[in-house]
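The values are calculated or read from the model by the stated rules, or taken from the named source; none is laboratory data. Everything numeric here is computed off the predicted structure, so don't read it as measured data. In this analysis, Cβ positions are derived from the backbone assuming ideal geometry, glycine residues included, and neighbour counts consider all displayed protein chains. Side chains included, ligands, DNA and RNA excluded: accessible areas come from the protein's heavy atoms. Shrake-Rupley method; radii C 1.70, N 1.55, O 1.52, S 1.80 Å.
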Amino acid sequence: MPQPVILSDIGKVLIDFDFSIAARRLAECCDHPAETVLTLFDDIKGPYEVGDMDDAEFVRQGMARTGFRGSPEEFAAIWCEIFTQNEPMHATLGALAGRLPMHLLSNTNELHKSYFLREFTIFQHFQDGVYSHTARCAKPGEEIFLKTAAQLDLDPARTFYIDDLEPNIATAARLGFRTFHYSFAKHSQLQAELNEWLAAQGIG
């Protein structure tokens, strides 16, 4: 029988992000203002996040669309250096390390995934993950949740799922996951509900 598991989204849960940082830095290296430069990515971000475009093609198209005056490596760094770690969540998960499995489920891309797994210690608490760009599907669709349950051997009824977006929470709840709709301001509420759930699972 599958054991209790914590399954977590990444952005605005484990780490915060601010795309305006990238916008300002891109604007310094091209002829588009920070206020509008990110709109040039609107029709390629989606395909990139579901694996229809690889890193090299995304960087190539991003540089071409913006007229970026710099190297591909500089462009990739600007795209990635937008994150900060959620320290309260790091403490919460650190206290649970070794007591139950923890996994990731995220709509993301390879550049971002490689960056945050490398840069932030909060990810040391997680054993595995499913990502939209390799699953070739994305939240809030049911397919990625079903693939995650199968790949990670999850019983939704014994899985505590954390996400910051209501449509993703709604899909997970419909599929039988125990869910928590997270925001940084609600961290103490998460801690209380997580403690209650852990006790119900026999994890003291």
Taking Leu152 as the residue in question, decide whether it is closer than 14 Å to Pro2 by Cβ and in contact with an Asp or Glu (Cβ under 7 Å, 6 or more places away or on another chain). yes
Just to be sure before I move on: is Thr66 in contact (Cβ under 8 Å) with a residue 24 or more places away in the chain, over 29 Å from Ala150 (Cβ atoms) and touching a Cys at 6+ places or on another chain (Cβ under 9 Å) in the structure I sent? yes
Per the filter on region 1-50, residues under 20 Å from Leu152 (Cα atoms) and part of a loop (DSSP other than H, G, I, E, B) are Met1, Pro2, Gln3, Pro4, Asp9, Ile10, Leu14, Val50
May I ask you to verify whether Asp153 is under 16 Å from Asp9 (Cβ atoms) and of a type in the set (D, E, K, R)? no
Please determine whether any residue of region 76-85 is touching a Phe, Trp or Tyr at 6+ places or on another chain (Cβ under 9 Å), under 28 Å from Leu146 (Cα atoms) and open to solvent by less than 30 Å² (accessible area, probe 1.4 Å). no
I'd like to verify a number: residues in region 166-204 that are of a type in the set (A, V, I, L, M) and touching a residue at least 24 places away in the same chain (Cβ under 8 Å), how many? 7
Please work out which one of (1) on the phi > 0 side of the Ramachandran plot; (2) open to solvent by less than 20 Å² (accessible area, probe 1.4 Å); (3) not hydroxyl-bearing (Ser, Thr, Tyr) is the condition Ala172 fails and give its number. (1)
So Ala149 clears everything in (1) free of Cβ contacts under 8 Å to residues at least 40 places away in the same chain; (2) in a helix (DSSP H, G or I); (3) more than 19 Å from the chain's Cα centre (by Cα); (4) closer than 23 Å to Asp128 by Cβ except one condition, right? Which one? (3)
If we ask which residues in region 180-204 are open to solvent by less than 30 Å² (accessible area, probe 1.4 Å), over 18 Å from Glu87 (Cβ atoms), part of a helix (DSSP H, G or I) and of a type outside the set (A, V, I, L, M), their number turns out to be 1
Could you tell me whether any residue of region 115-135 is in a loop (DSSP other than H, G, I, E, B) and aromatic (Phe, Trp, Tyr)? yes
Kindly list the number of the only condition in (1) open to solvent by less than 30 Å² (accessible area, probe 1.4 Å); (2) outside any helix (DSSP H, G or I); (3) among the small types (Gly, Ala, Ser) that fails for Ala97. (1)
Leu105 - would you say it is open to solvent by 10 Å² or more (accessible area, probe 1.4 Å), over 30 Å from Glu74 (Cβ atoms) and in contact with a strand residue (DSSP E or B) (Cβ under 8 Å, 6 or more places away or on another chain)? no
Among the numbered criteria (1) closer than 28 Å to Glu57 by Cα; (2) open to solvent by 70 Å² or more (accessible area, probe 1.4 Å), which single criterion is violated by Gln127? (1)
From (1) surrounded by 14 or more Cβ atoms within 10 Å (Cβ to Cβ); (2) part of a helix (DSSP H, G or I); (3) small (Gly, Ala, Ser), pick out the condition that doesn't hold for Gly70. (2)
